[in-house]
1. Using amide H atoms built in the peptide plane, which far-off residues or other-chain residues are under 5 Å from Phe41 H to H?
2. Determine ³J(HN,Hα), in whole Hz, for all residues of the range 72-82 in sequence, where each value follows from phi through the Karplus function 6.51 cos²θ - 1.76 cosθ + 1.60 and θ = phi - 60°; x replaces Gly and Pro.
3. Could you name the lysines whose alpha carbon sits less than 28 Å from that of Lys45, not counting residues in the same chain fewer than 8 places away?
Amino acid sequence: MGRRRRQKVRRRPQSRIPDVYPCPDCGNTSIKIEVYRDNEFATVKCGSCGLEENIDEVNTLTEAVDVYGSFIDIFYERRKAEIA
Ligand SMILES: [Zn+2]
């Protein structure tokens, strides 16, 4: 029999990447992102608190995680503005 090798961590297939993200408002991991590359926009929606945002900085290379990043920026910009 061959030598036993320690198995390397397998790469997860793309489909295993979770499509929910933590919500900056309610703290639940229930943010769902849909990217409409053809229409160059994306929607971000929290299934828990109902927080909703449309992101229009979308191009053919935009991934959900990029949308999430933009969404977080927008969220905190807005929150800062509200506090000020
Ligand atoms: Zn939420």
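Readers should treat all values here as calculations from the given coordinates under stated rules, not as data from a laboratory. Quick caveat, the model's predicted, so the values are computed rather than measured.
1. Amide H neighbours of Phe41, under 5 Å, 5+ apart: Tyr36.
2. 3J(HN,Hα) across the range 72-82, in whole Hz: 4, 4, 4, 4, 6, 4, 5, 4, 4, 5, 6.
3. Within the straight-line cut-off, Lys45 pairs with Lys32, Lys80.
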